[in-house]
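Read through the structure below, which is laid out as structure tokens, and then see the notes.
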Amino acid sequence: LCQSIRETTGAQACTSVLAINEILRTTGARRLGLVSPYLTNVQQAIVRNYASEGFEVVAEQHMGIQDNYAFSEVGSDELTHMIRTVAQAQPEAILIMCTNLRGAPLVQALEAELGIPIYDSVSAVVWKSLKLAGMAPGRIQGWGRLFRELP
């Protein structure tokens, strides 16, 4: 898809999953916690896909939601609880997998509390988009160590 967009428009493109995968390769994180609003079968597919790439999902939380609008209604308390739950397994990184969740504003405080990097889908695609545009990701404040520590 990204290649097709580039060939058709001349513009660089990225996806949140490709950005997250790049972040994981760059940081070397292999043991993951996974948080999403998805149905069980979708969550299991994500876990299998990461396993096929050599990543181990050591803890996961999902909500069993399939309606895209309902994803956006997940509150910060519920999302924070899910993140804290997967953090108990001490993964090397936690993924918030869904671009319709409001995870980015929670990341900085939770990283400080838990001591674990948290990579949110929206944050990851913003990080990669800034890089593709030749902009410094560090311009983003308050969304966690991703924007401070990754080149």
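The values are calculated or read from the model by the stated rules, or taken from the named source; none is laboratory data. Keep in mind it's a predicted model, so treat the numbers as computed, not measured. All Cβ positions, glycine included, derive from the backbone under ideal geometry; neighbour counts span all protein chains shown. Surface areas here come from the heavy atoms of the whole protein model, side chains and all, with no ligands, DNA or RNA. Shrake-Rupley method; radii C 1.70, N 1.55, O 1.52, S 1.80 Å.
Things to note:
- In segment 1-95, counting only helices (runs of 4 or more DSSP H) that sit wholly within it, the ones holding 1 or more residues that are modelled with pLDDT of 95 or more, more than 16 Å from the chain's Cα centre (by Cα) and over 20 Å from Trp127 (Cα atoms) span 40-52, 76-87.
- Flag for Glu53 being touching a strand residue (DSSP E or B) at 6+ places or on another chain (Cβ under 7 Å) and either open to solvent by 60 Å² or more (accessible area, probe 1.4 Å) or of a type in the set (Ser, Thr, Tyr) (or both): no
- If the condition is being touching a residue at least 12 places away in the same chain (Cβ under 8 Å), open to solvent by 50 Å² or more (accessible area, probe 1.4 Å) and more than 15 Å from Val17 (Cβ to Cβ), then segment 114-138 contributes Leu132, Ala133.
- Every test in (1) in contact (Cβ under 8 Å) with a residue 60 or more places away in the chain; (2) under 25 Å from Pro137 (Cα atoms); (3) open to solvent by less than 60 Å² (accessible area, probe 1.4 Å); (4) in contact with a helix residue (DSSP H, G or I) (Cβ under 9 Å, 6 or more places away or on another chain) is passed by Pro91 save one, and that test is (4).
- Enumeration of residues in segment 139-151 that are of a type outside the set (A, V, I, L, M) and either over 22 Å from Leu18 (Cβ atoms) or surrounded by fewer than 20 Cβ atoms within 10 Å (Cβ to Cβ) (or both): Arg139, Gln141, Gly142, Arg145, Arg148, Glu149, Pro151
- Scanning segment 17-50 for residues that are of a type in the set (S, T, N, Q), open to solvent by 20 Å² or more (accessible area, probe 1.4 Å) and touching a residue at least 40 places away in the same chain (Cβ under 8 Å) yields Thr26, Thr27.
- So Val107, is it β-branched (Val, Ile, Thr), assigned to a helix (DSSP H, G or I) and over 29 Å from Gln141 (Cβ atoms): no
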